[in-house]
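**Q** Can you read through this structure? Questions will come right after.
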Amino acid sequence: MTVQHNSDDFTVLWFVVNLNIMLRHCRVTEFKYGMNLGDVVRKNFGQKLSYLSNFGEGWGMMAGLSALVFVDNHDNQRGHGAGGFSRILTFFESNMYKIANAFQLAWPYGHVRLMSSYFWPRDIQVSVWGFSFLCL
């Protein structure tokens, strides 16, 4: 279904998708998974590993059969979204990262995607046509 919404100087085109139909035919990225798991492994906000006994739907995440889950992805491992470096675990915190990935592989929730990153510094300097950029 397509809905058109007029607002001031521009027209925004909204595509409304029936969520139930979508969830029957595909998996949806559950971004809360990596953030929540990172909080537990880091012990943010007083979290403990024992709290993971109902991790997944019991934590307000979508149905496990529909969820695509990951500890980190190409965006949030660079500090974009989901709370940034203070909540998302990456290969920079290798021991905690291994714990989170081992848990995700063993825990029966969602369809797991493992990140296959290589080492890179967090403050990458890029020079293009004489201009210098700092990539975070």
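**Q** Which of the residues belonging to the stretch 17-36 are closer than 22 Å to Lys98 by Cβ and in contact with a strand residue (DSSP E or B) (Cβ under 7 Å, 6 or more places away or on another chain)? Break it down stepwise before answering.
**A** Residues of the stretch 17-36 that are closer than 22 Å to Lys98 by Cβ, as a first pass: 30-36.
Within the stretch 17-36, Glu30, Tyr33 meet the criteria.
**Q** Quick check on this structure: which one of His80, His74 is closer than 19 Å to Arg113 by Cβ and without any contact (Cβ under 8 Å) to a residue 24 or more places away in the chain? Spell out the reasoning first.
**A** Working: His74 fails: without any contact (Cβ under 8 Å) to a residue 24 or more places away in the chain.
Matching residue, one of His80, His74: His80.
**Q** Just give me the residues in the stretch 37-57 being closer than 15 Å to Phe103 by Cβ and assigned to a helix (DSSP H, G or I), in sequence order.
**A** Residues of the stretch 37-57 closer than 15 Å to Phe103 by Cβ: 37-43, 47-56.
Once the filter is applied, which keeps residues that are closer than 15 Å to Phe103 by Cβ and assigned to a helix (DSSP H, G or I), the stretch 37-57 yields Leu37, Gly38, Asp39, Val40, Val41, Arg42, Leu49, Ser50, Tyr51, Leu52, Ser53, Asn54.
**Q** Okay, moving on. Of the residues that sit in the stretch 63-83 and are assigned to a helix (DSSP H, G or I) and open to solvent by less than 50 Å² (accessible area, probe 1.4 Å), which one is nearest to Glu93 (Cα to Cα)?
**A** Step one: filter the stretch 63-83 for residues assigned to a helix (DSSP H, G or I), giving 64-66, 76-78.
Going one step further and asking which of them are open to solvent by less than 50 Å² (accessible area, probe 1.4 Å), we end up with 64, 66, 76-77.
Details: Gly64: 27, Ser66: 29, Asn76: 14, Gln77: 11 Å.
Once the filter is applied, the top-ranked residue is Gln77.
**Q** Looking at the stretch 93-115 only, could you name the residues that are crowded, with 16+ Cβ neighbours inside 10 Å, part of a helix (DSSP H, G or I) and not β-branched (Val, Ile, Thr)?
**A** Scanning the stretch 93-115 gives Glu93, Met96, Tyr97, Ala100, Asn101, Phe103, Gln104.
The values are calculated or read from the model by the stated rules, or taken from the named source; none is laboratory data. Note that this is a predicted model, so its numbers are computed, not measured. A quick note on method: Cβ atoms are made from the backbone with ideal geometry, for glycine too, and the neighbour counts reach across all protein chains shown. Keep in mind that these areas ignore ligands, DNA and RNA; they rest on the heavy atoms of the full protein, side chains included. Shrake-Rupley method; radii C 1.70, N 1.55, O 1.52, S 1.80 Å.
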